[in-house]
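Here is the structure we will look at, set down as structure tokens.
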Amino acid sequence: MTHDTNHAHKVLVINGGSSSFKYQVLDMGSERRLCQGLVERIGSPDSVLTHKRWPGTEREEKFVYKDDYSNHNAGMRAVASVLLDPARGGVIDSAADLTAVGHRVLLGGPEYTEVLVNDRVKDVIREYSPLGPLHNPANLTGIEVMEEIFPSLPNVAVFDTGFHTTMPDYAYTYAIPRQLAAKYRIRRYGFHGTSHRYISHEAAKLLGRPADQVNLITCHLGNGCSICAVRQGRSVDTSMGLTPLEGLVMGTRSGSIDPAILTYLMQREHYSGTDLNTLLNKQSGLRGLCGHNDMRDVEAARDAGDENAALAMNMFVYSLRKYIGSYFPVLGRVDGIVFTGGIGENAPEVRSRACADMDALGIRLDEDLNAGRVSQAKKISTADSSVQVFVIPTDEELEIARATLRVLDQASASQKAHA
């Protein structure tokens with residue numbers, strides 16, 4: 001399929017979850033966000049569509065539409081009707097105003113980073129659904145519904161695992177029998193790849209160097225947390241593994257623990273695989289330690305004298321420091337450390353403690369620059385810090401839109417080459 005990317009610059013981005021999905025329309029000529037929205041509680045009678053529009057330089061306009069969006073199809077059809085109706089917050093006159101639809105897809109294995117959707121790509125998304133049961137089916141639904149609503153538009157899948165497909169085999173392979181690993185595709189995939197790619201490229205700009213000349217440790221810290229070692233613009237290791245459970249202490253996830261804990265609980269508590277999955281993914285992490293999974297609540301409880309909250313905070317920071325330290329020998333030379341995500345952008349104490357007493361590694365934080373929440377990219381290290389430290393708000397939707405245009409340009413170039 002050919003598409004004139006010079007005619008229209010608007011890209012619709014869909015970021016789908018199991019019972020909700022976010023969307024944005026971006027004008028990629030200026031990389032300006034025209035509108036964004038969220039459809040949540042899909043399948044429940046109180047589902048709602050919240051839509052925001054920025055007309056020109058005017059202030060934000062907000063629209064709320066409550067309805068019974070029984071499934072993703074109904075929700076996305078509602079969004080399409082809003083986008084096409086100026087009176088309801090619309091920003092396009094017809095499908096012809098859009099260049100493409102870019103979709104965040106959780107897991108595509110080592111095959112794909114970002115790709116024009118066809119039947120084979122959809123099959124791969126289905127094949128990896130057992131490893132991403134909450135996201136891959138919902139992501140696929142989003143693609144198929146958009147194909148129905150806007151049949152003339154190309155759809156591009158941008159995989160959350162894509163940035164990490166450059167990891168070497170010794171970083172992504174687990175030390176289990178090779179036949180078993182091959183049979184069930186067990187390996188480190190890594191996640192938050194779109195965010196790590198975005199902030200690593202933005203950090204390179206702040207350093208004044210091309211991305212392929214920069215070594216970084218990027219820290220995406222939110223309810224889910226992951227760290228990535230980026231060598232010359234490419235991911236060479238990351239903390240999340242086969243699933244988003246491995247690695248750091250997170251909001252409700254345990255992070256890395258001794259695997260024998262699981263077999264021990266199976267023997268002592270007669271836990272099933274489903275029980276263990278729920279325990280480790282939804283009842284552990286900060287919530288399991290102190291009853292709160294939001295870092296703001298953890299800090300408030302700690303400040304009020306809650307010893308469990310203090311322990312949870314200490315463990316969170318400790319696991320973060322261990323990973324940061326472990327990636328120095330992986331990279332050899334580290335030019336910068338980047339914090340992003342809800343915690344990374346808004347919790348100065350976490351950033352401060354993560355970088356404390358690391359003079360030997362060349363890390364020195366400027367506590368005045370580090371103070372407060374950060375709404376735009378900034379450096380927070382001292383002038384004499386040999387490793388620069390940044391806070392960079394992530395923008396996964398913009399990165400997905402950029403990737404979408406890259407894929408279309410590559411497809412167009414390929415078609416011309418074969419013409």
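The values are calculated or read from the model by the stated rules, or taken from the named source; none is laboratory data. Everything numeric in this text was worked out from a predicted model, so none of it was measured. Note that we place each Cβ from the backbone using ideal geometry, even for glycine, and neighbour counts take in every protein chain shown. These accessible areas exclude ligands, DNA and RNA; they are computed on the full protein's heavy atoms, side chains included. Shrake-Rupley method; radii C 1.70, N 1.55, O 1.52, S 1.80 Å.
Points to keep in mind about this one:
- Any chance Gly372 is among the small types (Gly, Ala, Ser), open to solvent by less than 10 Å² (accessible area, probe 1.4 Å) and either outside any helix (DSSP H, G or I) or in contact (Cβ under 8 Å) with a residue 60 or more places away in the chain (or both): no
- The set of residues from the stretch 336-383 being in contact with a Lys or Arg (Cβ under 6 Å, 6 or more places away or on another chain) and β-branched (Val, Ile, Thr) comprises just one member, Thr382.
- Test: residue in the stretch 55-73 that is assigned to a helix (DSSP H, G or I) and either open to solvent by less than 60 Å² (accessible area, probe 1.4 Å) or in contact with a strand residue (DSSP E or B) (Cβ under 7 Å, 6 or more places away or on another chain) (or both): yes
- Residues of the stretch 74-91 satisfying the condition of being loosely packed, with under 15 Cβ neighbours inside 10 Å and part of a loop (DSSP other than H, G, I, E, B): Asp85
- Of the residues in the stretch 32-55, not one is touching a Leu at 6+ places or on another chain (Cβ under 7 Å), at positive phi and among the charged types (D, E, K, R).
- A single entry from Ile400, Ile380 fulfils the requirement of being within 30 Å of Ala100 (Cα to Cα), open to solvent by less than 10 Å² (accessible area, probe 1.4 Å) and at pLDDT 95 or above: Ile400.
- The single condition among (1) open to solvent by 50 Å² or more (accessible area, probe 1.4 Å); (2) assigned to a helix (DSSP H, G or I); (3) under 24 Å from Val391 (Cβ atoms) that Ser195 does not meet is (1).
- Within the stretch 131-168, if we keep just the residues that are farther than 23 Å from Arg402 by Cβ, open to solvent by 60 Å² or more (accessible area, probe 1.4 Å) and out of contact with any Lys or Arg (no Cβ under 9 Å at 6 or more places or on another chain), the residue that is modelled with the lowest pLDDT turns out to be Leu134.
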